[in-house]
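Worksheet for the structure shown next.
The values are calculated or read from the model by the stated rules, or taken from the named source; none is laboratory data. Bear in mind the structure is a predicted one, so any value in this text is a computation, not a measurement. Virtual Cβ from ideal backbone geometry, glycine too; neighbours counted across all protein chains shown. Ligands, DNA and RNA are stripped out before the accessible areas are found, and what is left, the full protein with its side chains, is counted by its heavy atoms. Shrake-Rupley method; radii C 1.70, N 1.55, O 1.52, S 1.80 Å.
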Amino acid sequence: MSRLEARFSQLKATGKKALIPFITAGDPIPDITVDLMRDLVSAGADVIELGVPFSDPMADGPVIQGASERALDHRVSLRDVMRMVSRFRELDNETPVVLMGYLNPIEIMGYETFAAQAAEAGVDGILVVDLPPEEGAELLEAVKGRGLDQIYLIAPTSTPERIKTICDAAGGFVYYVSVKGVTGASHLDLQTVESKLRDIRAVTNLPVGVGFGIKDAQTAAAVSRLADAVVVGSALVSRVEALAEEPEKIGSALGEVIASMRQAMDEA
Amino acid sequence: MSTTAEKIIGTLPDARGYFGPYGGLFVPETLMEPLQELREAYERYMQDEDFLHELDEDLANYVGRPSPIYHARRWSEQLGGAQIYLKREDLNHTGAHKVNNTIGQALLAGRMGKTRIIAETGAGQHGVATATVAARLGLECVVYMGAVDIARQETNVYRMRLLGAEVRAVSSGSKTLKDALNEAMRDWVTNVDNTFYIIGTVAGPHPYPAMVRDFQTVIGREAREQMQRQTGRLPDALVACVGGGSNAIGLFYPFLDDQDVKIYGVEAAGDGLDTDLHAAPLCAGKPGVLHGNRTYLMEDTDGQIIETHSISAGLDYPGVGPEHAWLKDSGRANYVAVTDDEALAAFHDLTRIEGIIPALESSHALAYAKKLAPEMKRDQTILINLSGRGDKDMHTVAAREGIEI
Ligand SMILES: Cc1ncc(COP(=O)(O)O)c(C=O)c1O
């Protein structure tokens with residue numbers, strides 16, 4: 001059983017929902033990332049989504065763009081990100097790690113090399129924002145061959161036919177983008193989320209995560225009533241940004257956010 | 001040269017938007033369905049007589065087409081080789097080829113019921129051409145432009161504002177065209193219900209590279225006929241500058257099956273291809289994925305897009321249309337590069353010898369023709385796409401010479 005599968009079935013058995021924080025690897029400095037991943041886990045995170053910095057993050061709002069820029073100031077590469085995951089794996093062999101990023105750094109490395117190195121490092125899944133299933137077959141084959149899951153996005157604009165195509169290709173979980181917009185966008189509308197999740201569950205048994213627009217404990221709790229997993233990104237990264245000059249304070253600041261979301265979700 | 005080569009016209013892209021290994025549809029999920037709708041609308045209206053009639057009328061009466069072909073006799077004489085002909089896209093309304101495409105896409109936006117138009121711009125020519133058609137059709141218009149480009153193309157920024165467009169400065173990344181494109185994509189993802197994104201070149205996800213090409217091929221269709229009428233035959237060589245590649249493909253496409261016509265696309269070599277300061281992905285880059293398609297890119301070994309440099313804002317882009325990537329690999333077209341200095345010299349030549357002030361982008365094509373002509377015979381012909389006029393570049397050229405205006 002993959003780490004992702006194990007984690008989701010554990011949660012199901014205890015009646016809990018997954019809390020999935022996103023941070024960008026190397027933000028604001030490379031040395032801190034593994035510590036932050038562990039802080040997130042101690043505060044109650046179930047899966048870590050680790051952003052791979054890219055120069056042209058066209059689906060991200062200003063907050064996560066800033067994270068990429070800070071990491072790229074230190075020239076953090078995809079290989080560096082995988083090294084961070086290996087170090088994390090030496091300390092934590094259970095928490096699943098999903099890499100989230102854009103296709104070009106993977107293209108230039110080569111799909112087979114990437115899949116082999118990611119598996120070796122202990123990565124569990126990948127989510128490539130600019131790779132819809134129509135273009136993803138080749139990479140999917142490479143990562144599946146190494147036991148990794150390819151996670152796909154579903155959007156408010158996805159038609160029922162597309163939802164089916166996506167779910168058929170997806171592994172690990174599917175990720176519903178709750179708003180039309182970039183990361184860090186405005187508030188989500190729970191009613192639309194609920195009806196879209198119904199469409200998704202009609203065609204798949206995979207766990208369904210919801211992300212984009214989850215800003216605080218209250219929204220996290222509200223979404224956790226509907227979804228299997230709650231993904232939170234900009235709310236964390238904006239704190240990294242605020243503390244970029246005092247990196248020693250970031251771990252506890254992120255921990256606080258996650259702990260409050262954890263509590264609210266568990267009480268929901 | 002062989003004339004039995006397979007036909008190219010009408011065969012590409014394939015149904016998935018591919019030109020060989022290049023092109024495709026590499027976008028976030030939110031845009032997949034809107035792009036499908038765009039594809040359907042574009043396929044439908046390119047067969048629709050009313051639509052095509054309206055487009056032709058606008059191209060004739062609003063843009064001023066057909067644009068003439070001009071024999072640059074004095075310049076040809078001085079270069080001492082092939083006869084040089086210029087396709088005068090600089091005489092179009094708004095001063096460049098860009099308007100051929102914005103008219104087409106804006107009409108399509110109207111047919112699709114979209115009320116808001118967005119665009120990215122580098123030199124500002126595409127932004128102006130978009131703001132112009134938006135004004136005429138009464139559509140809301142937002143243009144994204146890198147902060148660096150805003151500083152070097154002030155006049156065009158003001159023109160856009162006069163036309164009623166909102167110009168939004170983009171301060172992320174390298175603050176140039178590629179970042180403006182990212183920001184326009186972000187806007188589109190957010191406002192996809194009422195917004196039509198008019199991309200200004202043959203880049204972006206399918207169907208943009210094919211659609212923009214189809215709107216720009218009016219250049220080559222006219223030129224092919226005009227050259228036959230004026231010179232009695234097809235040109236021996238075509239030369240066009242390549243930023244994203246829309247004026248180039250517009251000229252080249254109708255000639256692709258004329259195997260005896262040599263084709264040259266000219267990229268910006270900036271300070272030189274042996275430096276880090278250039279914008280020549282076909283000459284010095286490698287394939288990757290950016291802005292929705294696979295093509296040649298300027299990127300580092302980690303797959304990060306690197307900053308480009310060219311004296312001309314319109315060529316300052318790290319990617320290139322996927323069809324050019326394919327034409328390069330297939331050998332049908334040749335891609336070369338000229339430096340800032342070479343382009344500037346050609347800018348002055350055309351201005352002083354023919355009384356035509358060219359855009360700095362187009363000056364790259366002129367600079368290559370200047371090298372090519374002396375190697376050819378006097379009875380041979382070179383057709384250059386003079387993609388735009390140079391009024392917008394007065395500040396840049398003056399500043400290079402230490403003059404403040
Ligand atoms: C006059 C002119 N020529 C050429 C270009 C380059 O674009 P493309 O390669 O798409 O023709 C521009 C872009 O702004 C332009 O303004």
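Quick notes on this one:
- Cβ-Cβ distance of A:LYS12 and A:ASP189, R₀ of 35 Å, FRET efficiency by 1/(1 + (r/R0)^6): the value works out to about 0.85.
- On a per residue basis, the stretch B:166-247 carries 25 Å² of accessible surface, using protein heavy atoms and a 1.4 Å probe.
- The simple spin-label model puts a point 7 Å past each Cα toward its Cβ; for B:ASP276 and B:GLU375 those points are separated by 3.1 nm.
- From largest to smallest, the equivalent ellipsoid semi-axes obtained for the stretch A:1-74 from the alpha-carbon gyration tensor read 28, 14, 10 Å.
- Inter-chain Cβ neighbour average for residues A:146-154, partner chain, 10 Å: 1
- Considering only beta bridges that DSSP places wholly inside chain B, some 30 percent are antiparallel.
- Whether the protein assembly as shown is rounded, prolate or oblate, judged on the alpha carbon gyration tensor where a/c under 1.5 counts as rounded: prolate
- Shape of the stretch B:176-282, Cα gyration tensor, a/c cut at 1.5: oblate
- Multiplying the residue separation of B:ARG136 and B:GLU154 by 0.36 nm and subtracting their alpha-carbon distance yields 4.2 nm.
- Dividing the mean sequence gap of close Cα pairs (under 8 Å, 6+ apart) by how many residues chain B holds gives a relative contact order of 21 percent.
- Label-point gap, in nm, between A:ALA137 and A:ALA268 - each point 7 angstrom along Cα→Cβ: 3.8
- Full extension of the chain between B:ARG400 and B:MET46 gives 123.0 nm of extra length, using 0.36 nm per residue less the Cα-Cα distance.
- Efficiency of FRET between A:GLN218 and B:LYS286 - r from beta-carbon atoms, R0 45 angstrom, step 0.05: 0.40
- Global form of chain B, assessed from the alpha-carbon gyration tensor, a/c cut-off 1.5: rounded
- Inter-chain shielding of A:178-186 (mean C-beta neighbours from other protein chains, 10 Å cut-off): 4
- Net charge over other residues, Cβ less than 14 angstrom from the Cβ of A:GLY26 (K, R count +1; D, E count -1): -3
- Value of relative contact order over chain A, rounded to a whole percent, pairs C-alpha under 8 Å and six or more apart: 22
- For B:HIS395, the accessible surface of its heavy atoms amounts to roughly 80 Å² (probe 1.4 Å, protein chains only, rounded to the nearest 10).
- A:LYS144 contributes an accessible area of around 130 Å² to the protein surface, as traced by a 1.4 Å probe with all chains present.
- R0 of 35 Å, Cβ-Cβ distance A:GLU112-B:GLN259: FRET efficiency to nearest 0.05: 0.35
- Solvent-accessible surface of the stretch A:201-244, averaged per residue with a 1.4 angstrom probe and all protein chains in place: 36 square angstrom.
- Top of B:PRO358, B:PRO281, B:PRO28 by mean-square fluctuation, Gaussian network on chain B, Cα under 10 Å: B:PRO28
- Among beta bridges that DSSP assigns inside the protein assembly as shown, antiparallel share in %, nearest 5: 20
- Computed over the stretch A:3-267, Cα set: Rg, Dmax in Å: 16.8, 48
- Under a 5 Å amide H cut-off, with hydrogens placed 1.01 Å from N, B:GLU120 pairs with B:TYR144, B:GLY200 among residues at least 5 apart or on other chains.
- The heavy atoms of B:ILE9 offer some 70 square angstrom of accessible surface to a 1.4 angstrom probe.
- Between B:HIS53 and A:ASN205, the simple spin-label model (points 7 angstrom out along Cα→Cβ) gives 5.9 nm.
- Max mean-square fluctuation residue, GNM over chain B, Cα-Cα springs under 10 Å, options B:ALA60, B:ALA203, B:ALA119: B:ALA60
- Pairwise centroid distance, computed over Cα atoms, of the stretch A:242-259 with the stretch B:224-247, Å: 61
- Within the stretch A:3-267: Cβ-based charge dipole about Cα centre, in debye rounded to nearest 20 (Lys, Arg +1; Asp, Glu -1): 700
- Leaving ligands and nucleic acids aside, the A/B contact buries around 3000 square angstrom of accessible area in total at a 1.4 Å probe radius.
- Accessible-area composition of the protein assembly as shown, carbon plus sulfur, in percent [1.4 Å probe]: 48
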